[in-house]
Amino acid sequence: AKRQGRNHYEFYMQELTRQAAERLEVEAALRRACRNGELELYFQPQVELRSGRMVGAEALLRWHRPGHGMVMPLQFISIAEASGLIVEIGDWVLADACAAVAEWNRGDAAPLQLAVNLSPRQFIRHDLAGAVRRHLQESGCHPSWLKLEITESLLLDGDRTVEDMLEALTGMGLAISIDDFGTGYSALSYLHRFPVSQLKIDRSFVGDVPGDRSKRELVKAMLSIASALRLETVAEGVESEQQAEYLASHGCRLAQGYLYGRPMPRAAFEALLATSRAA
Ligand code: C2E
Ligand code: CA
Ligand code: CA
Ligand code: CA
């Protein structure tokens, strides 16, 4: 038994060392990714449930890592956050997102709104409002064309700088959305304290609607909270007509999910946009 215990220990240490080495390797590769143009934004449509019209999109990051193909955010965002690289990466995301939506909305009567994901790290370590202002100016993007997605955990810190930063951003005319709503600690009191304009209902609830009774009740409750607080709602991970119908009939305004389109490269999204605007 003693000998076996020791083998387990050695195996455990080897595994830890392997994981640490891999993280370091990803971090080093990621450090070059921005500079080498290995990052790309994909875009996923957001539609208005009532009309079926595409009214916006979410920008989702992809990394073309040399020798590894396309790497998904779940495999590198947490490493980027832990190492602080997310500040530089997030800045690139903002610049690219502004440039894209500025071009899509040039001269068009019904502008799209583009949602961009922000990490908590971008709030504490950075002159975020200043950076956003600069990207808006350089691209000619109107502030109202941009929506920033943040998570509940950022607000639960109750941090004064976060509150000031959000006030500065909304003061400039940007919209703020609470991403993955319902999965966090949901101390609902923060909803009226911060200048939030949208709740994004997490896929983990939407996926089991309308089949699962408790998920159905939770979604209904979230939609009624949003309505009481005059917040816009968007459901993520909508994959079926039945889900869309249920959400629409309970007052959800927007939907995003495979039913309407997967995240896609910019050229494919622009082709879809052209078709949708011609209709
Ligand atoms: P998220 O913000 O919750 O993004 C939604 C995720 O759900 C995306 O995964 C999207 O591809 C996926 N999804 C969309 N519709 C459906 C559907 O109908 N069914 C299913 N099963 N999945 C769907 P993705 O692109 O892998 O992104 C994962 C997470 O990485 C995002 O979750 C977000 O938290 C983070 N992320 C992505 N881009 C960025 C970024 O630019 N900055 C930061 N900080 N985080 C990002
Ligand atoms: Ca998001
Ligand atoms: Ca989400
Ligand atoms: Ca989610």
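The values are calculated or read from the model by the stated rules, or taken from the named source; none is laboratory data. Here the structure is a predicted model, which is why all the values come from computation and not from measurement. Virtual Cβ from ideal backbone geometry, glycine too; neighbours counted across all protein chains shown. Just so you know, the surface numbers come from the protein's heavy atoms only, side chains and all, with ligands and any DNA or RNA stripped out. Shrake-Rupley method; radii C 1.70, N 1.55, O 1.52, S 1.80 Å.
Please determine whether any residue of the stretch 16-29 is open to solvent by 90 Å² or more (accessible area, probe 1.4 Å), within 30 Å of C141 (Cβ to Cβ) and away from ligand 1 (no atom under 15 Å from the Cβ).
no
So which pairs qualify, if the first residue must be in the stretch 8-27 and hydrophobic (A, V, I, L, M, F, W, C), the second must be modelled with pLDDT of 90 or more, the Cβ gap must be under 8 Å, and the two must be at least 6 apart or on different chains?
Pairs that qualify, where the first residue is hydrophobic (A, V, I, L, M, F, W, C) and the partner is modelled with pLDDT of 90 or more, are V26/Q75; V26/F76; V26/I79.
Condition first: open to solvent by less than 20 Å² (accessible area, probe 1.4 Å) and either within 16 Å of ligand 4 (Cβ to nearest atom) or over 25 Å from E48 (Cβ atoms) (or both). Now tell me which residues in the stretch 95-118 satisfy that.
A115, V116, L118 - these are the residues of the stretch 95-118 that are open to solvent by less than 20 Å² (accessible area, probe 1.4 Å) and either within 16 Å of ligand 4 (Cβ to nearest atom) or over 25 Å from E48 (Cβ atoms) (or both).
Condition (residue is open to solvent by less than 60 Å² (accessible area, probe 1.4 Å) and in contact with a Ser or Thr (Cβ under 7 Å, 6 or more places away or on another chain)) applied to the stretch 57-70: is it met by at least one residue?
Within the stretch 57-70, not a single residue is open to solvent by less than 60 Å² (accessible area, probe 1.4 Å) and in contact with a Ser or Thr (Cβ under 7 Å, 6 or more places away or on another chain).
Which of the residues belonging to the stretch 40-56 are in contact with a helix residue (DSSP H, G or I) (Cβ under 9 Å, 6 or more places away or on another chain), under 20 Å from L146 (Cα atoms) and surrounded by fewer than 20 Cβ atoms within 10 Å (Cβ to Cβ)?
E40, Y42, R53
Looking at R216, is it in contact (Cβ under 8 Å) with a residue 24 or more places away in the chain, more than 14 Å from ligand 4 (Cβ to nearest atom) and closer than 24 Å to Y258 by Cβ?
On the way: in contact (Cβ under 8 Å) with a residue 24 or more places away in the chain: yes; more than 14 Å from ligand 4 (Cβ to nearest atom): yes; closer than 24 Å to Y258 by Cβ: yes.
Taking the combined requirement at face value, the residue satisfies it.
Looking at (1) touching a residue at least 40 places away in the same chain (Cβ under 8 Å); (2) surrounded by 15 or more Cβ atoms within 10 Å (Cβ to Cβ), which is the only condition P265 fails?
(2) is the only condition that P265 fails.
Under 9 Å between Cβ atoms, which residue pairs at least 6 apart in sequence (or on different chains) link something in the stretch 96-113 that is under 29 Å from R35 (Cβ atoms) and without any contact (Cβ under 8 Å) to a residue 40 or more places away in the chain with a partner that is open to solvent by 10 Å² or more (accessible area, probe 1.4 Å) and assigned to a helix (DSSP H, G or I)?
E103/S139; E103/E270
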